[in-house]
Amino acid sequence: MSWPKHWSAGANYHTVIDQGSYLTGLRNSALLAVPTILAVLLGSMAAWAYARSDSRTLRFAYYTSALSTVLPPAIIPTIYVLTQLGLNGSRLGYMLVIAGTRLGVVIFLATGFVRTLPHDFEEAAQLDGANKWQIHWRIVLPVLTPVLFTGAVMLIISVWNDFYFALFRLRGSQAATLPLTLYSFASSATHGVSWNLVFAHVVLTSLPLVLVHLALQRRVLAGPTEGGVTG
């Protein structure tokens, strides 16, 4: 065991970018991470409704939503529904699936957080004439920012690393995400796997998430800390 005698790091990364469809995968992965914003907003609304209601129906709906965090989405029914809608294999169809399947994570994190918040601010805003939307947008949502930020980071990492469902729901090389481009690049070698190029692709695939984490790590750590008293 020793260090390599010939270093070709620059050539390896250049080959990955030039021949490994890295820029295409990076664009698609960044685009498909956008639906996490929709999941965060819808999840915060649902969490507020679940936390402030004593209805058994809503309580059952909450447990069903929370259960979705541990149960994997069904592939065949999802593909059937997307096919009927004419969205199977498209980016839009995959975005809708992402927003729907990741919604339970945000609901699970935010509901317990909302339950610990006092009703005073919401009641004061209601006395001032604010409607439900204004109360949520101006009172509840700013308070939920730490836990929603943490949930968004978790969702982005999950979507960024998704391979199994993207393999079935995205068609064509132009719609491939980074995990799919990495898989295609690694399996296209005719004389065995070029591990130097594969690992260079892995580094480039992980690099955007690492940079985002380094830039926002304080907020990521603050979210679980501020919401640690929830139950």
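Calculate for the chain the 222 nm mean residue ellipticity that helices alone would give, adding -39,500 (n - 2.57) per DSSP H run of length 4 or more and normalising by residue count, nearest 500 deg cm²/dmol.
Details: 13 runs with 163 residues, N = 231.
The helix contribution divided over the chain gives -22000 deg cm²/dmol.
Please give the charge dipole size of region 2-158, origin at the Cα centre, charges +1 on K and R Cβ atoms and -1 on D and E Cβ atoms. Round to the nearest 20 debye. Provide the component values of the computation, followed by the final result.
On the way: 10 positive and 6 negative charges, 69 e Å.
That gives a dipole near 340 debye.
Could you check how much of the accessible area of region 1-59 is carbon and sulfur, as a whole percent, using a 1.4 Å probe?
Working: 2420 of 3920 Å².
That share works out to 62 percent.
Could you tell me the ratio Rg/Rh of region 57-144? Both radii from Cα atoms, Rh via Kirkwood.
On the way: Rg = 17.5 Å, Rh = 15.6 Å.
Expressed as Rg/Rh, it is 1.12.
Against the longest principal axis of the chain, how steep is helix 178-187, in degrees 0 to 90 to the nearest 10, with axes from Cα atoms?
30
Grab every C-alpha pair in region 1-82, bin the distances at 10 angstrom width from 0 up to the longest one, and report whole percents.
Reading the bins upward from 0: 13, 22, 25, 16, 14, 8, 2.
Apply 1/(1 + (r/R0)^6) to the Cβ-Cβ distance of VAL203 and ASP54, taking R0 = 41 Å, and write down the FRET efficiency to the nearest 0.05. Each step should come with its number before you reach the end.
Numbers: r = 51 Å, r/R0 = 1.25.
Result of the calculation: an efficiency of 0.20.
Given springs between every Cα pair under 10 Å in a Gaussian network model of the chain, which of SER68, SER90, SER188 has the largest fluctuation?
SER188
Among TRP48, LEU67, VAL153, flag the residue with its Cα farthest along the positive direction of the charge dipole of region 35-154, charges on Cβ as +1 for Lys/Arg and -1 for Asp/Glu.
Result: LEU67.
How much accessible area per residue does region 1-146 have, counting only protein heavy atoms and a probe of 1.4 Å, in square angstrom? If you can, show how the numbers build up before the last one.
Details: 9070 Å² over 146 residues.
For region 1-146, the per-residue accessible area is 62 Å².
Work out the charge dipole of the chain with +1 on the Cβ of Lys and Arg and -1 on the Cβ of Asp and Glu about the Cα centre, then indicate which of VAL34, GLN84, PHE113 is farthest towards its positive end.
GLN84
Taking the chain as a Gaussian network, where each spring joins two C-alpha atoms under 10 Å apart, which residue of ILE79, ILE37, ILE139 fluctuates the most?
The residue with the greatest mean-square fluctuation here is ILE139.
What percent of all Cα-Cα pairs in the chain falls in each 5 Å bin, counting up from 0?
1, 6, 12, 14, 15, 13, 12, 10, 7, 5, 3, 2, 1, 0, 0
Run the numbers on region 20-166 and let me know its relative contact order in percent, using alpha-carbon pairs under 8 Å that are six or more apart. If you can, show how the numbers build up before the last one.
Numbers: 113 pairs, mean separation 58.6, N = 147.
Relative contact order here is 40 percent.
The values are calculated or read from the model by the stated rules, or taken from the named source; none is laboratory data. All values reported here derive from a predicted model rather than from experimental measurement. Note that each Cβ is placed from the backbone with ideal geometry, even for glycine, and that neighbours are counted across all protein chains shown. In case anyone asks, the SASA skips ligands and DNA or RNA and just uses the protein heavy atoms, side chains included. Shrake-Rupley method; radii C 1.70, N 1.55, O 1.52, S 1.80 Å.
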